[in-house]
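Heads up, the thing below is written out as structure tokens.
Laboratory data are not the source of any read-out in this text; all were calculated from the coordinates shown. Computed from a prediction, not measured in an experiment: that's the story for all the values here. Counting neighbours? That spans all protein chains shown, and the Cβs are built from the backbone with ideal geometry, glycine included.
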């Protein structure tokens with residue numbers, strides 16, 4: 001799908017044999033959204049098709065674009081006369097009659113932004129500097145407030161006599177917007193429009209000077225440059241007056257103050273009343289319902305415009321030419337926001353999202369890590385000083401991905417009720433979160449070259465847990481201190497059951513033994529506790545700064561109705577003669593595949609230590625609490 005920009009249409013000829021229209025295809029005037037398209041940066045190859053409402057499958061004529069100027073790009077289009085009855089004749093006649101009747105009053109170019117051809121102005125609007133114009137369309141609702149038919153001329157006197165001087169009998173040939181019919185803009189909007197116009201004119205002046213072959217300019221270029229220079233001077237003077245007017249209006253404006261709660265500033269935000277991740281699920285399911293046709297999926301997504309309009313924008317953006325990884329093109333659109341919505345929801349649900357301070361690194365990049373320190377000591381007078389050295393190694397995280405396929409019925413994908421959306425959303429989040437948690441901390445997970453990383457506990461030092469969580473915590477802390485690893489920021493991963501047991505423990509005076517720790521984790525004495533059922537009976541301690549972590553920050557969603565799958569959480573690889581496949585098409589199901597590139601590794605062999613067999617008893621005041629309890633009693637004495 002191409003982007004569109006709207007402009008003025010002029011009917012120059014109504015000859016029965018040669019029906020021609022002419023006008024301006026595009027101008028640097030900002031549209032209603034404030035976006036500016038620089039006509040001098042546009043490229044095209046004549047002729048281009050003339051369409052009706054951007055329907056590329058139903059052309060109605062051909063267009064010739066004139067050379068670009070700073071003021072815009074003019075065009076002439078021909079709508080043929082079709083003698084043979086049929087759909088083509090009906091379509092062409094409908095377009096021509098709509099123009100004559102004044103029902104179609106604007107034109108719109110279909111264009112694509114070339115690489116590096118779009119920048120953001122301070123106002124947030126887009127300044128589009130490099131484009132390829134691919135088509136011109138007749139439209140009824142132009143985005144530009146001045147995009148209306150302002151002149152109707154005819155070279156056929158008989159036709160002019162029959163139809164009258166204008167559509168409404170008005171003999172005034174001046175532009176309609178000059179008579180005050182345009183919407184009233186605020187002073188700030190007028191200033192922005194003049195600033196955008198000035199920028200376009202200055203850019204054109206620079207282009208003229210760059211194209212000069214000697215010390216002088218040709219007469220036509222000199223005249224154009226001098227005219228632009230005068231325009232810029234006039235605009236600067238007008239901007240000075242406009243800014244002064246804006247300042248006076250601001251000074252005389254009455255400030256509206258909303259009451260705020262005592263001691264706290266009021267904060268108001270308006271957000272769609274949908275759960276996080278809903279837009280992601282709707283985008284994926286819209287693709288499924290429409291069999292991967294993104295144009296149809298965008299139309300299908302209009303049913304959700306009231307609550308998640310970003311879904312339709314994402315699907316439309318995905319159709320546009322360009323690559324989604326190019327930040328100067330499709331990557332600047334909203335498609336990444338929908339993927340990030342899912343990641344923001346996924347990460348807090350996983351251990352990876354709960355551990356602060358992981359050392360994030362790029363994929364396939366060598367990272368130095370220190371494995372040994374130098375030797376230092378006292379040196380007497382005139383004695384030789386010891387020579388020491390540091391030990392380093394390098395680590396690199398390759399590309400590895402976590403993926404899963406969810407099979408849903410056709411009825412469920414069509415989202416017959418909000419509960420279906422919630423089911424899809426919960427399943428995707430829970431499935432990937434559970435898998436990543438286990439792979440991150442399960443000691444049995446070993447590295448497989450080209451497939452997956454080892455867990456951070458695989459091959460790490462280990463010990464048996466005791467009945468005293470305090471003693472276990474100190475034992476793990478001593479491990480890091482003994483290996484010259486900072487204990488600041490050390491994080492513990494344990495099951496929710498063990499965390500809850502710790503939260504139940506109290507001192508003799510009834511105060512919590514581990515304040516700040518709950519079934520959801522928390523902090524204690526500056527240490528961070530993260531809960532995950534994947535921990536089981538293990539208690540894992542790690543220094544996050546020594547855990548290398550790579551994540552591409554995106555989730556890829558693919559869908560299929562035609563694939564045949566092994567309906568197994570551990571599919572046979574490679575498949576053999578006994579492998580059983582189920583056809584999604586035959587069973588009226590669809591497969592939704594989620595894929596995320598992620599990797600991790602210990603930068604230091606002692607960055608992790610874990611305890612096994614941890615099952616902390618819940619009752620308070622047991623012998624296991626003796627060290628802390630004795631300290632509390634001594635303090636009371």
With no solvent and one point on each alpha carbon, what is the Debye value of log10 I(q)/I(0) for segment 55-141 at q = 0.14, 0.26 Å⁻¹?
-0.65, -1.39
A student applying the Cα gyration tensor rule (rounded when a/c is under 1.5; otherwise prolate if a/b is larger than b/c, oblate if not) would label segment 401-636 prolate
Scattering profile of segment 446-509 from the Debye formula, Cα beads only, expressed as log10 I(q)/I(0) at q = 0.20, 0.21, 0.23 Å⁻¹, is -1.01, -1.06, -1.14
Take every Cα pair under 8 Å in segment 401-636 that's 6+ residues apart, average their separations, divide by the length, and report that relative contact order as a whole percent.
30 percent
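Which ordering of 98, 400, 455, 252 is given by a fewest-first count of other beta-carbon atoms within 10 Å?
The most exposed by this proxy come first: 252, 98, 400, 455.
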In which sequence would 490, 387 go, from the one with the fewest C-beta neighbours within 10 Å to the one with the most?
387, 490
Percent of alpha carbon pairs in segment 484-563 separated by more than 20 Å?
50 percent
Kindly put 552, 90, 210, 38 in sequence by how many other C-beta atoms sit within 10 Å of each C-beta, fewest to most.
210, 90, 552, 38
